[in-house]
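Peer 1: A single structure is presented below for examination.
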Amino acid sequence: MTHLKMATAAGLLGTACGVAIAFSALAGADKVTYPEGFDTKDKGAMYSIVDRHDNKQYRELWASPANVVDLAREGKPIPSGTVLTLVQYKAQLDADGKPVKDAKGRFVKGDLVAYTVMEKRDGWGTEYPNELRNGEWEYQAFGPDKKINDKANIKGCFECHKPHAGQDFVISLASLKGTKPGEEAQPKAGPGIVSVADFKFGPETVVVAPGQQITWYNSDGSPHQVTITGAKGQRTPIMQKGQTTKLTLADAGIYDYICGLHPAMKGKIEVKS
Ligand code: HEC
Ligand SMILES: [Cu+2]
């Protein structure tokens, strides 16, 4: 279906149904077609592999054209025409349902699940309201058959990537730039210390006094970000492997938090005087 047809159909329905109006704003996803050849040497470069412990997936991250990786490494902005493709596979599981690991301790690629794509072009994105717009990026999801998955929640792509506006909405930008992992030693358990490993916060509840600093140590290959849920919605900077991130809360109370990148990761901070 072309962009125009989609917009017209939604417009007609829109007179009867408010939801359809909101949906027509995302017809722009149709501009993104399956990026044929993104995984060939001429057209693309794989810049990262992510083991997702939270949803037991093995993921490959590709950039096309391949020189986008060189540009990012030189500190240049991501150019118009860039296509980033995240290929999702099931991780192979053992008899207990745990991901099988290779000699390096990494997940092993299983069945192909989906391709999610973001593409940036000059002039794209102007039709979106500011609270949704991701610069000039559009998003699209494709099934293993390379056809558009019309059940995908495209608005969700915009919402989840939006807080990363400071890095041009590319969550894996550090990998694209080839930033070296940090070298912070593994923490000893102690007051105000939380370790992040295998997509879990440990301890799950950290107890501190008001004004006492809390420090998270990330030993996962994936980046994480502490995000307090609820009214204030405080977020720490993203921590790469081997990096720490810190937070201090002045007021007593119980604060639930999640990882801003992997919302299924949950923890609690108890501030008591
Ligand atoms: C729950 C939050 C969330 C949602 C929803 C989401 N993403 Fe992402 N996306 C991520 C995270 C986190 C990464 C970094 C890689 C990883 O950990 O898997 C990522 C990475 C990507 C990448 C690789 C480039 C980058 O930004 O790092 C693409 C492409 C992408 N997502 C496309 C999509 C598309 C298309 C949708 C909607 C169908 C979508 N995403 C929805 C969280 C999300
Ligand atoms: Cu995380």
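The values are calculated or read from the model by the stated rules, or taken from the named source; none is laboratory data. Values in this document were obtained by computation on a predicted structure and should not be read as measured data. Cβ sites come from the backbone with ideal geometry, for glycine too, and all protein chains shown count toward neighbours.
Peer 1: I'm trying to understand the selection: among the residues of the stretch 206-228, which are in contact with a Phe, Trp or Tyr (Cβ under 9 Å, 6 or more places away or on another chain), within 16 Å of ligand 1 (Cβ to nearest atom) and not hydroxyl-bearing (Ser, Thr, Tyr)?
Peer 2: Result: 220, 224, 226.
Peer 1: In addition: When only residues in the stretch 188-200 that are away from ligand 1 (no atom under 16 Å from the Cβ) and either of a type in the set (D, E, K, R) or touching a Gly at 6+ places or on another chain (Cβ under 9 Å) (or both) count, which is nearest to residue 250 (Cα to Cα)?
Peer 2: 194
Peer 1: Moving on. How about the stretch 228-245: which of its residues are in contact with a strand residue (DSSP E or B) (Cβ under 8 Å, 6 or more places away or on another chain), surrounded by fewer than 18 Cβ atoms within 10 Å (Cβ to Cβ) and free of Cβ contacts under 8 Å to residues at least 60 places away in the same chain?
Peer 2: Listed by number, the residues that qualify are 229, 230, 233, 234, 237.
Peer 1: Taking the residues in the stretch 229-256 that are part of a strand (DSSP E or B) and within 15 Å of ligand 1 (Cβ to nearest atom) as candidates, determine which candidate is farthest from residue 179 (Cα to Cα).
Peer 2: Filtering the stretch 229-256 for residues that are part of a strand (DSSP E or B) and within 15 Å of ligand 1 (Cβ to nearest atom), the one farthest from residue 179 (Cα to Cα) comes out as 235.
Peer 1: Another one. Considering only residues that are assigned to a loop (DSSP other than H, G, I, E, B) and free of Cβ contacts under 8 Å to residues at least 12 places away in the same chain, look in the stretch 153-182 and name the one that is nearest to the chain's Cα centre (by Cα).
Peer 2: Among those residues, the one meeting the criterion is 153.
Peer 1: Does at least one position in the stretch 153-160 carry a residue that is touching a Leu at 6+ places or on another chain (Cβ under 7 Å) and either among the hydroxyl-bearing types (Ser, Thr, Tyr) or exposed (fewer than 14 other Cβ atoms within 10 Å of the Cβ) (or both)?
Peer 2: No, the conditions are met nowhere in the stretch 153-160.
Peer 1: Looking at (1) touching a Lys or Arg at 6+ places or on another chain (Cβ under 7 Å); (2) of a type in the set (D, E, K, R); (3) crowded, with 17+ Cβ neighbours inside 10 Å, can you tell me which one residue 109 breaks?
Peer 2: Failed condition: (1).
Peer 1: Okay, next question. Which one of these does residue 71 not meet: (1) at pLDDT 95 or above; (2) touching a strand residue (DSSP E or B) at 6+ places or on another chain (Cβ under 6 Å)?
Peer 2: Going through (1) at pLDDT 95 or above; (2) touching a strand residue (DSSP E or B) at 6+ places or on another chain (Cβ under 6 Å) one by one, residue 71 breaks only (2).
Peer 1: Every residue in the stretch 125-181 that is more than 16 Å from ligand 2 (Cβ to nearest atom), of a type in the set (A, V, I, L, M, F, W, C) and farther than 24 Å from residue 73 by Cβ, please.
Peer 2: 132, 141, 142, 148, 152, 154, 157, 158
Peer 1: Given the options 139, 115, name the one that is touching a Cys at 6+ places or on another chain (Cβ under 7 Å) and surrounded by 14 or more Cβ atoms within 10 Å (Cβ to Cβ).
Peer 2: Going through 139, 115 in turn, the sole match is 139.
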